[in-house]
């Protein structure tokens, strides 16, 4: 009895309509929220979540007030699958609907996979610069690099979210403990005691003579957080001192532990590639007599040591490079036109929307024709 | 007799349309011929006429200055700037701005001479405002910035053909030509540290500094590239061309021709002006065939104004269709004549609309939708085509009524969107792809059009049902209410098909150019809203949750959703798609949304209050 009612509930068209309308409200509210929260944060709160929470300012508690994107997406998926399983009956005038909904399921699943597995990063190359890694566009990491061997550096990267928890961090490859004393997710540095800044008081490195300040998280699309942290390096023999690490500091800070040389740097998270790209030429074309951009293109040299692949590639607007499971897009450029910024996406599910699109379009045409033709035939007769 | 009425009407309107193509030969200065000359502006070859019209739209919000045509105004501005300065061409409405400039209120249009004493003030304010973010500018700040831009364009136009204060440019060129050898020799001697002819040097420097101004500030590029130049896009302005002469270049025919025209214009000698103009056109016709053709064709298009004519025809058709509906019950024969007339007028309007649309595509070499302006034209076109189909299937006059209504409203919206300047502007890098413009943009815009069309049918249903007994009247064997429902349902199916396919195609384009199928960008979200809403309508209908009235109220809400994603999201000023930011339109959008909410509330009134449910079904058949 209960099961029957459950089945009836999950297979009902009423549920579909309710879910669709809730999705409509969610998407609308999420779009409005993007204005204040920024695209990234609004996405996390509205679309990549099970619930949208409300809490009074500065309160420690929050209550769910509206279903989030994940919940609605899953409910729709469940509704869709349940309805089709329970009512499966093969008939000619339903074929179109079946194909449409199969495509929809594929689309939703594909996007879920993208959400979970896709990694987006960026590669910023100046003229003739070469890199074998791309960088996250907003997440930082603390790189503790063993630089004893000049030929081979070994990096232990500590992600930002671990730093944010503060406390001691251990890694088998490191003969010491990295102890995070303070962490500011977004910060400003100053060389003097400007208002609102406090002295860092780092015992070693650049931080000895700097002041810092915690600032609110960035919401604008075109700016990002610049975190800073105060860390202590503790060997079994005792503390080596404290360092200020910050995304504002471009140079790594060296130190020695256990007779080996190390460096510390808080930088954008890196994703290493099995090949390198060198920027040969970036081109920014404009329409004659204007500054309206006509095209952006980057000519690059691709070099892959393990297969000896060595060739030039060209990336331009609407024409990405797909290579080694990653796709490189022309995303942006330096104001002086001497550097390019490529968007690097690794998305195992990238093909699903294409397949879904074909399925759904086919389904819609089939469905449409199967209704239109009899309708027109009937009219002709009458 | 009555059979011929529709044909007579259509013939009259067609004759009117064709009559606008006829122009009596020009006396005095041949401004129309001048208007056809090709120049390069905004990265594309266009006739002077387009430069003139688009500039006037920007500064005066009109395509003419009273009786004076746009090109005639442009000629005056470029060749006799002192007189042009006294013409009232700058439109200023904002009171705070008028007070700042100490201008009299309620004059609407102001002349450059009136504004000139405050130029410094304006540029200082504009500099400050430029650093304020778009979204947080006040009405005063936006108006001031708009005026500052208008003034800049105007001042650049004045420096586009001849140096300031020149009444005999041709004579001045001859003097320049003579001054070059001695001047160059003096400059070389000076460089080498030898003694040199100071007077000759100064003479040349005087010329060059005034040409330098021209080369820096000129607005359109009027000098075509040398016939053997590498790139056909390599146009120059007069200043650049004249400065090249010192470096061993030559006086190109275009410069000489324009100088002769300017002199003749200044000395009020139409015959000499027309002669110089004809000579230059002949020379262009020899070397620059495609550019000349482009100029002539675009001039024709500007002058023909097909969308304006379509508006007039649609309005007439709409009135006829409404009268046909209202007389449906008591004068069926008259009603049928009017219905036929309305239908064929809609077809005529549609033909002219299509002509304009296709002509634009041909001029641009692009699919129909490239910016907000052309999306309005295309949505209107889509609605009209759907309406014509509806009218063919259900011959009750409803299709014609909604088609003509959608036609003229969207064309009026398009007209207002054209105020921003060139509607055939070049496309920014990521949009520069005919493939995706032809697929994603066209399909998703058809989705907008069909959702609006369904919404309009809903509005018709509510209005007719509440205030008239018509919904119960029978046409053939079906009540009008049923007919409307069938139409709306069919169109919603269409809308779901187009908006969904269009949205997914957009995702694929985004995957191609930005690396993500879906980025929750406001414009993407807007399209998704339409898809979700159409899907909700269809499922509610299939599930029996709504019947006639429910369907109609839901399709009216579709109007709100579509207007949000067409205009609303552009007002947020964020995201990758915000290609058409606007502010004044916000109040219009709000008013539209409120009106639709009002209609839905009316639609929710209990059936007892509907006039259509108080009358028993009856047939209109005699």
Helix B:289-304 versus the longest principal axis of chain B: what is the Cα-based angle in degrees, 0 to 90, to the nearest 10? 50
Taking alpha-carbon centroids only, region B:236-287 lies from region B:413-458 a number of Å equal to 40
Using the basic label-point model (7 angstrom from Cα toward the beta carbon), what is the residue A:60 to residue B:542 distance in nanometres? 5.0
For residue B:283 and residue B:205, what is the calculated FRET efficiency with R₀ set at 35 Å and r taken between the beta-carbons, to the nearest 0.05? 0.65
Nearest 10, in degrees from 0 to 90: the angle of helix A:95-117 to the longest Cα principal axis of chain A is 10
Taking B:71, B:451, A:235 and counting other C-beta atoms within 10 Å, the order from fewest to most: A:235, B:71, B:451
Hey, what's the per residue convex hull volume over the C-alpha atoms of region A:1-152, in cubic angstrom? 263
Per-residue counts of other Cβ atoms within 10 Å, averaged by peptide: what ranking do you get for B:103-110, A:177-184, highest first? A:177-184, B:103-110
Quick one: work out Rg over Rh on the C-alpha atoms of region B:427-622, Rh as Kirkwood radius. 1.06
Where the convex hull is taken over the Cα atoms of region B:169-296, what is its projected area averaged over directions, in nm²? 9.1
Given a Förster distance of 41 Å, report the FRET efficiency between residue B:62 and residue B:177 from their Cβ-Cβ distance, rounded to the nearest 0.05. 0.50
Mind ranking B:502-510, A:157-165 by how tightly packed they are, going by the mean number of other C-beta atoms within 10 angstrom, highest first? B:502-510, A:157-165
How crowded by other chains is B:533-544, given as the mean number of beta carbons from other chains within 10 Å of each beta carbon? 5
Return P(r) of chain B (all Cα-Cα pairs; 20 Å bins starting at 0; whole %; ordered from short to long distances). 17, 42, 30, 9, 2, 0
Partner chain Cβ atoms within 10 Å, averaged over the residues of B:41-47 - can you pull that number for me? 3
Computed helical MRE - 222 nm, chain B, DSSP H runs ≥ 4 contributing -39500 (n - 2.57), nearest 500: -22000 deg cm²/dmol
Could you tell me what fraction of 2.2 N^0.38 Å the Cα radius of gyration of chain A comes to, as a two-decimal ratio? 1.30
Two pseudo-spin positions, 7 Å from Cα along C-beta at residue B:586 and at residue A:362, lie apart in nanometres by 4.8
Averaged across B:417-430, how many Cβ atoms of other chains sit within 10 Å of each residue's Cβ atom? 3
For n ≥ 4 DSSP H runs only, could you compute -39500 (n - 2.57) per run for chain A, divide by its residues and tell me the 222 nm figure to the nearest 500? -10500 deg cm²/dmol
Taking square-rooted eigenvalues a ≥ b ≥ c of the alpha carbon gyration tensor, is the protein assembly as shown rounded, prolate or oblate, where a/c under 1.5 means rounded and, failing that, a/b exceeding b/c means prolate? oblate
Going by average Cβ density within 10 Å per residue, which order do the peptides B:596-604, B:242-250 take, highest to lowest? B:596-604, B:242-250
Taking the Cα centroid of region B:165-232 and of region A:204-259, what is the distance between the two, rounded to the nearest whole Å? 61
Ranking of B:219, B:448 by count of other Cβ atoms within 10 Å, fewest first: B:219, B:448
Crossing angle, helix B:270-287 versus chain B [Cα axis fit, 0-90 degrees, rounded to tens]: 80
Exposure proxy ranking, count of Cβ atoms within 10 Å, fewest first, for B:152, A:57: A:57, B:152
Give me the one-decimal nm value for the distance between modelled label points at residue A:164 and residue A:151, 7 Å along each residue's Cα-to-Cβ direction. 4.1
Extended-chain gain in nm, criterion 0.36 nm per residue less alpha-carbon gap, residue B:23 and residue B:3: 3.8 nm
Would you mind computing the Rg to Rh ratio of region A:123-205 from its alpha-carbon coordinates, Kirkwood style for Rh? 1.02
What are the principal axis extents of the Cα atoms in region B:43-158, in Å, biggest first? 37, 34, 21
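Throughout, read-outs are computed from the coordinates displayed, never taken from laboratory work. Just so we're clear, the structure is a prediction, and the values are computed from it rather than from any experiment. Glycine also receives a Cβ, built like all others from the backbone with ideal geometry; neighbour counts cover every protein chain displayed.
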